[in-house]
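**Student:** Next up is a structure, given as structure tokens.
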Amino acid sequence: MKYDRSNITQNPSGFVLLSDFVPGVIQEIRYYSTYNFIGDRIDGYEEPCALLTKEAARALKTVSNEMMVQGYRLKVFDAYRPAGAVRHFVLWGIEDQDIRMKPYFYPDLTKQELFENGYIANQSSHSRGSTIDLTLFDMSTGKELDMGSPFDLFGVISHPDYRGITEEQYANRMILRNAMLRHGFEPIDCEWWHFTLKDEPYPDTYFEFPVSSAYLRR
């Protein structure tokens, strides 16, 4: 798993705090916590906040506005992810024998299969700053919409087109997916929660500054 460092930069000038653009966003930044597929806070997550490129934040604001009218708020699990965090994932996959979170996040897969099946990559679109992991929060019930599987449950059940869930769960996925598509985001085929801005401003650049609001103000 060779890691290419030739296109990595520390410059955060094109990034913003998502909450400055979408004040009503709910943030549960999983890689700042220990409740994630590794079980530890991930390298580079110094604050539980979502950072994005300005372009992606603006586009997500339009998604939020549309969803608010329908009674939903956006709930974000991850946004910009430092390149160092991705290296943390890769080294965990290669060297670390710890599988304590396997029952919760990859019960039917081995670590090697997480990489082989595309759930974890050597370089992540998140590190380009215009990718978001999110769901919808129903303001009438005070709960997340039931999407048929939780965030970061790796397996076929989390593929957006998986039909082995209820009609309501599938319809909920489509509410999120269609709204994101309408406002310029593209999905991937293995995670219902993952979207990247189609016209992302840094398609060939990966960033490594920490997830921290203080870093943006330097």
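A short reminder: the numbers here are calculations on the coordinates, not readings from a lab. Since the structure is predicted, the reported quantities are computational estimates derived from the model, not experimental observations. Note: ideal-geometry Cβ built from the backbone for every residue, glycine included; neighbour counts use all protein chains shown.
**Student:** Can you tell me how many residues in segment 14-68 are at negative phi and assigned to a loop (DSSP other than H, G, I, E, B)?
**Tutor:** Count: 25.
**Student:** If I filter segment 144-162 for residues that are over 24 Å from ILE94 (Cα atoms), touching a residue at least 60 places away in the same chain (Cβ under 8 Å) and of a type in the set (A, V, I, L, M, F, W, C), do I get at least one hit?
**Tutor:** yes
**Student:** Taking the criterion of being crowded, with 19+ Cβ neighbours inside 10 Å and closer than 23 Å to SER13 by Cα, would at least one residue in segment 102-112 satisfy it?
**Tutor:** no
**Student:** Here's something else I'd like to know. Please find, within segment 51-85, the residue that is surrounded by the most Cβ atoms within 10 Å (Cβ to Cβ) out of those that are aromatic (Phe, Trp, Tyr) and under 14 Å from the mean Cα position of the chain (by Cα).
**Tutor:** Applying the filter and picking the extreme gives TYR80.
**Student:** Right, here's the next one. Is it true that GLU95 is within 30 Å of THR53 (Cα to Cα), surrounded by fewer than 21 Cβ atoms within 10 Å (Cβ to Cβ), out of contact with any helix residue (DSSP H, G or I) (no Cβ under 6 Å at 6 or more places or on another chain) and of a type in the set (Asp, Glu)? Even if it seems obvious, please write down each step before you answer.
**Tutor:** Numbers: within 30 Å of THR53 (Cα to Cα): no; surrounded by fewer than 21 Cβ atoms within 10 Å (Cβ to Cβ): yes; out of contact with any helix residue (DSSP H, G or I) (no Cβ under 6 Å at 6 or more places or on another chain): yes; of a type in the set (Asp, Glu): yes.
Judged against the criteria, GLU95 is not a match.
**Student:** Within segment 105-118, can you find the residues that are in contact with an Asp or Glu (Cβ under 9 Å, 6 or more places away or on another chain) and in a helix (DSSP H, G or I)?
**Tutor:** PHE105, LYS111
**Student:** Report the residue count in segment 166-218 for those that are hydroxyl-bearing (Ser, Thr, Tyr) and either more than 19 Å from LEU52 (Cα to Cα) or free of Cβ contacts under 8 Å to residues at least 12 places away in the same chain (or both).
**Tutor:** Summing the residues that are hydroxyl-bearing (Ser, Thr, Tyr) and either more than 19 Å from LEU52 (Cα to Cα) or free of Cβ contacts under 8 Å to residues at least 12 places away in the same chain (or both) in segment 166-218 gives 2.
Residues are listed down the side, and each one gets a yes or a no for (1) among the charged types (D, E, K, R); (2) part of a loop (DSSP other than H, G, I, E, B):
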| position | (1), (2) |
| --- | --- |
| ARG100 | yes, yes |
| ILE120 | no, yes |
| ILE132 | no, no |
| THR135 | no, no |
| THR141 | no, yes |
| PHE151 | no, yes |
| TYR162 | no, yes |
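**Student:** If the requirement is being closer than 18 Å to PHE77 by Cα and aromatic (Phe, Trp, Tyr), which of these qualifies: TYR119, TYR170, TYR162?
**Tutor:** Numbers: TYR170 fails: closer than 18 Å to PHE77 by Cα; TYR162 fails: closer than 18 Å to PHE77 by Cα.
Result: TYR119 is the single residue among TYR119, TYR170, TYR162 that is closer than 18 Å to PHE77 by Cα and aromatic (Phe, Trp, Tyr).
**Student:** Can you run down the residue pairs with Cβ atoms below 6 Å, 6 or more apart or on separate chains, where the first is in segment 47-66 and of a type in the set (Gly, Ala, Ser) and the partner is in a strand (DSSP E or B)?
**Tutor:** Correct list of pairs: ALA50/GLN27; ALA50/VAL76; ALA56/LEU197; ALA57/VAL16; ALA59/LEU197; SER64/LEU74.
**Student:** If you don't mind, another one. Which number in (1) free of Cβ contacts under 8 Å to residues at least 12 places away in the same chain; (2) in contact with a strand residue (DSSP E or B) (Cβ under 7 Å, 6 or more places away or on another chain) marks the one condition that TYR80 misses?
**Tutor:** Failed condition: (1).
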